[in-house]
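One structure below.
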Amino acid sequence: MTEAVTPQPSPPPFPFDEGAPPPRKTTPGDVRDGAAVTLVVGVAGVLLGVLWAWLAPKVQYVSNGQAVFLRNSEGEARIGADGTFLLLAVGFGLLSAVAVFLWRRRGGVPLVIGLGAGSLFAALVGWRLGLRLGPSSNLPAAAAKAGQGVPFDAPLQLLAHGALLAWPLVALAAHLALTAVFTRPDPTWPAAPAAYPPAPAPTPDPSHP
């Protein structure tokens, strides 16, 4: 007795093989956008330097004609200068992240790299410019100009150099958070069907009892 076996059909194609959107590739436009972000954010460091030189608390020295001393050795102006730079950098980091996100919501690797590189460059520009705009770093000349016993402003200093990383770190973290919250997730693909449908029951051959 033999039985006729119906051949099993080939498995149907997966539905996501044809209808799935192709992965997004980096285009020359994305690279240009990243370069533009680097340039604009880097130039914003000028504003950081101006505000730091203006808002940072001043440390004062006094000269006795032979040496220069701190007018108030227990003052917190030195720490205040670092804190002012840090707060300004955090604020600029948040602003730059929001601006970049609103400009190009789709994001992309070049945009993130541009934001990070531009923020770091802006922090360096703000630091060096603030030192130049602050009081003179030539203490003997400043003491001679002020006169004996007359207080004069000390040069601006950034003692905690780790504050230079505040702008890029805050900018990248804020941009990532904005992208995660306000950007639509990628469409989900349907689940893959079973490889083969269940085999049909064997059909008996009527020529054999």
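The values are calculated or read from the model by the stated rules, or taken from the named source; none is laboratory data. Keep in mind the model is a prediction, meaning the values are calculated, not measured. Cβ sites come from the backbone with ideal geometry, for glycine too, and all protein chains shown count toward neighbours. For the accessible areas, the whole protein counts, side chains as well, though only heavy atoms, and no ligand, DNA or RNA atoms are used. Shrake-Rupley method; radii C 1.70, N 1.55, O 1.52, S 1.80 Å.
Residue under question is L87, and the condition is that it be under 13 Å from W52 (Cα atoms) and surrounded by fewer than 16 Cβ atoms within 10 Å (Cβ to Cβ); does it hold? Judged against the criteria, L87 is a match.
A quick yes/no check of all residues on (1) modelled with pLDDT of 95 or more; (2) in a strand (DSSP E or B); (3) surrounded by fewer than 15 Cβ atoms within 10 Å (Cβ to Cβ); (4) not charged (D, E, K, R):
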position: S10; (1), (2), (3), (4): no, no, yes, yes
position: P21; (1), (2), (3), (4): no, no, yes, yes
position: L48; (1), (2), (3), (4): yes, no, no, yes
position: W54; (1), (2), (3), (4): no, no, yes, yes
position: G75; (1), (2), (3), (4): no, no, yes, yes
position: A81; (1), (2), (3), (4): no, no, no, yes
position: F92; (1), (2), (3), (4): yes, no, no, yes
position: A97; (1), (2), (3), (4): yes, no, no, yes
position: P110; (1), (2), (3), (4): no, no, no, yes
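Could you tell me whether any residue of the stretch 190-197 is buried (at least 18 other Cβ atoms within 10 Å of the Cβ), over 22 Å from the mean Cα position of the chain (by Cα) and modelled with pLDDT under 90? Within the stretch 190-197 (the criterion being buried (at least 18 other Cβ atoms within 10 Å of the Cβ), over 22 Å from the mean Cα position of the chain (by Cα) and modelled with pLDDT under 90), the answer is no, since none of the residues qualifies.
A search for C-beta distances below 6 Å between a residue of the stretch 51-62 that is closer than 16 Å to R132 by Cβ and any residue that is modelled with pLDDT under 95 and among the charged types (D, E, K, R), counting only pairs 6+ apart in sequence or on different chains, returns K58/D153.
Filtered by the rule that a residue be open to solvent by 50 Å² or more (accessible area, probe 1.4 Å) and either at pLDDT below 80 or part of a helix (DSSP H, G or I) (or both), the stretch 152-176 gives D153, H161, G162, L165, L169, L172, A173, L176.
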